[in-house]
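The values are calculated or read from the model by the stated rules, or taken from the named source; none is laboratory data. Since we're looking at a predicted model, the values are computed, not measured. Positions of Cβ are generated from backbone atoms using ideal geometry, with glycine treated the same way; all protein chains shown enter the neighbour counts.
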Amino acid sequence: MALSARNRIHGTVRSVETSGLMAEVVVETPDGQSVTAIITSGSVDRLGIAEGDEVDAVVKATEVMIEKA
C-alpha cells in the first residue's frame, strides 16, 4: 500500500496492551528509543500485531509542536 506520509519509524513491537476498544502498542527503534501508538483493538486484530513483530510507525499529523527544554 502506498501512503503519502513520509515519516516512517521502523522498529520492533515490544508490547501490546488491549483494553476494550483501544490498544497501546509500544515500538522500539533500532537505537533503543520507543514510540507508543494508541490504535483500535480491531486494528491490532486485523493486522495481526504481536510482540516481536517488525513494523513501521507511520506519523501523519496536521501539527507538530516543539518545546524548548
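Contact annotation: residue pairs with Cβ atoms under 6 Å, 6 or more positions apart or on different chains, pairing a residue in the range 46-69 that is hydrophobic (A, V, I, L, M, F, W, C) with a partner that is modelled with pLDDT under 80 and surrounded by fewer than 13 Cβ atoms within 10 Å (Cβ to Cβ), are VAL58/ALA5.
A residue that is at pLDDT below 95, touching a strand residue (DSSP E or B) at 6+ places or on another chain (Cβ under 6 Å) and among the polar types (S, T, N, Q) occurs somewhere in the range 30-46. Could you list, in sequence order, the residues of the range 29-46 that are hydrophobic (A, V, I, L, M, F, W, C) and closer than 17 Å to VAL59 by Cβ? The answer is VAL35, ALA37, ILE38, ILE39.
Screening the range 8-60 for residues that are in a loop (DSSP other than H, G, I, E, B) and charged (D, E, K, R) and picking the one that is surrounded by the fewest Cβ atoms within 10 Å (Cβ to Cβ) gives ASP31.
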